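The values are calculated or read from the model by the stated rules, or taken from the named source; none is laboratory data. Note that the coordinates shown come from a computational prediction; the quantities given were computed from them, not determined experimentally. A quick note on method: Cβ atoms are made from the backbone with ideal geometry, for glycine too, and the neighbour counts reach across all protein chains shown. Quick note on the areas: whole protein, heavy atoms, side chains included, nothing else; ligands and nucleic acids left out. Shrake-Rupley method; radii C 1.70, N 1.55, O 1.52, S 1.80 Å.
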Amino acid sequence: MEVDSEINVDGNAHTNGHVATPSKTHADKKEEKNKDHDFYFNFYSSLQNQANMIGDISRTGTYRKAILGNGEVAFKDKIVLDVGAGSGILSYMSAQAGAKEVIALEASSMAEKTEIVSANAGKNNAHLKDRIRIVRGMVEDAKVQEQVLQNGKVDTIISEPIGVMLLHERMVESFILARDLFLKPDGQLLPSAGQIFFCPFSDEGLYNETDQKAQFFNTTLFVQGTDFKELYPAAREEVFAQPVVGMFPPSSLVSTACTPKSFDFYTCTKEDLLEFTIPVDFVVHRTALIHGLASWFDLDFYPRQLPTSEDPNWNYPISSTGNWQWMSQESPLNPGPTPVPPKDGLAVKLSTGPSAARTHWQQARLLLPEPLAANKGERLKGSIHFKVNDARSYDLTLDLEIDRPGPEWSPNPLKRRAEYQLQQQCFNYSYNPDASLNALSMAAGI
């Protein structure tokens, strides 16, 4: 099925204004439909990147558990919409759960690769036969909306719209728009809710490593005969504005995570996602230099009417380790049959916290340009302000202060303000929980 859809040159699916472009002939559109116009769509059109996400056992296994566990209430004989279908893995799971029709909506050229799989519903993929309908384009496109609605509104929407700190890439906005446009009033939504957590941490090594990145402009007097030291303040501001993505040891946390910011995807609006402030309040557990705030998120999957009881047969772990096991001799990506789905559905949670199994999202840390010295038992309070930007992400402003009695000073040495660009992430792989676990096992002779 040929779908004519255009993607804005800047790739921003959330921009309301559109610049007029010269009209294109049908032949021009046909030529362009195979092209991904920006890095965002190009990234998700890569089979290697799709394999990395499918190979995330915690992510994929949790979605499988949520879909098959809610087969009776959300999928059996239902019309299902998969928003941002990517490789089609969630669409195929939906078909396995008994969906009558699955609309796989995908904006990148991965849609054509998904069509290859669904079009070959032979002996190995009999569950896909006559069940998958692929629509190429974005939720925001009027023509795409017509195609999705050609048979009416859907019973269930499934999607994986999640980024770092839950909301990076701003795909959740499209998920919510799809809910408003396509879902029946009593329809099911998976995932159903998300929570963003914050907790202060201490990591002198990470702080020094980040500071060292800017020291080139501070310690080198001349580069090829030119003094660059005036750039040092800007270089330092730049490196500390980058959220650090990677795993970290839970022991680096110096408090307990405060009450998370929660989003109920059944009820929240797009406006709720555009700008908001998260208050934070902690009691420091040990005397330490606080180098910033660590962040992670949880995802919840549940039917609109919450289950009244738990089925013990479904209380099985997704994976015993956070490794990407598709390269190993085990087969966690093709597990055995699941139990009979509960009649009233199943509540499932995916955590990306530092004590949970590793996911491809890992965790994020916001480093303070200048650490705060806190004593055991002191209160640390403040806020993180989120505001969307045009880079499919958020500008963040962090305010922190130690609640310590005494005279006010200007500037106050107990207060910090820092700004971050969530899209400018850097990666740190100095901690590997799997390697640490293996080392402990070897030391114990296991």
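On the given criteria, is Thr277 of a type outside the set (A, V, I, L, M, F, W, C) and in contact with a His (Cβ under 7 Å, 6 or more places away or on another chain)?
yes
Please note which strands (runs of 3 or more DSSP E) are completely contained in region 354-446 and include at least 2 residues that are modelled with pLDDT under 95.
none
Taking the condition at pLDDT 95 or above, surrounded by fewer than 17 Cβ atoms within 10 Å (Cβ to Cβ) and part of a strand (DSSP E or B), does Ser262 pass?
Yes.
Which one of the conditions (1) under 18 Å from the mean Cα position of the chain (by Cα); (2) charged (D, E, K, R); (3) modelled with pLDDT of 95 or more does Asp344 fail to meet, given that it meets all the rest?
The one condition Asp344 does not meet is (1).
Quick check: is even one residue across region 203-219 in contact with a helix residue (DSSP H, G or I) (Cβ under 7 Å, 6 or more places away or on another chain) and without any contact (Cβ under 8 Å) to a residue 24 or more places away in the chain?
yes
Out of region 289-306, which residues are assigned to a loop (DSSP other than H, G, I, E, B) and either open to solvent by 70 Å² or more (accessible area, probe 1.4 Å) or not assigned by the TED database to the domain that holds Pro250 (or both)?
Looking only at region 289-306, we keep the residues that are assigned to a loop (DSSP other than H, G, I, E, B), and these are 302-306.
Passing the criteria: Arg304, Gln305, Leu306.
Quick check: anything in region 58-71 closer than 18 Å to Ala178 by Cβ, touching a Ser or Thr at 6+ places or on another chain (Cβ under 6 Å) and aromatic (Phe, Trp, Tyr)?
Among the residues of region 58-71, not one is closer than 18 Å to Ala178 by Cβ, touching a Ser or Thr at 6+ places or on another chain (Cβ under 6 Å) and aromatic (Phe, Trp, Tyr), which makes the answer no.
Considering only region 309-341, state which residues are within 26 Å of the chain's Cα centre (by Cα), at pLDDT 75 or above and not in a loop (DSSP other than H, G, I, E, B).
Listed by number, the list holds a single entry, Trp314.
Is one or more of the residues making up region 161-180 over 28 Å from Asp395 (Cα atoms) and out of contact with any Lys or Arg (no Cβ under 9 Å at 6 or more places or on another chain)?
Checking region 161-180: not a single residue is over 28 Å from Asp395 (Cα atoms) and out of contact with any Lys or Arg (no Cβ under 9 Å at 6 or more places or on another chain).
I'd like the full set of residues that are buried (at least 24 other Cβ atoms within 10 Å of the Cβ) and closer than 13 Å to Val284 by Cα, limited to region 186-203.
Pro200, Phe201 - these are the residues of region 186-203 that are buried (at least 24 other Cβ atoms within 10 Å of the Cβ) and closer than 13 Å to Val284 by Cα.
Look through Leu47, Leu90, Leu128 and report the one residue that is crowded, with 16+ Cβ neighbours inside 10 Å and touching a residue at least 60 places away in the same chain (Cβ under 8 Å).
Leu90
Residues of region 379-401 being touching a helix residue (DSSP H, G or I) at 6+ places or on another chain (Cβ under 8 Å) and crowded, with 17+ Cβ neighbours inside 10 Å, which ones? Before you say what the answer is, go through the steps one by one.
Narrowing region 379-401 to residues touching a helix residue (DSSP H, G or I) at 6+ places or on another chain (Cβ under 8 Å): 387-388, 392.
Of everything in region 379-401, those that are touching a helix residue (DSSP H, G or I) at 6+ places or on another chain (Cβ under 8 Å) and crowded, with 17+ Cβ neighbours inside 10 Å turn out to be Val388, Arg392.
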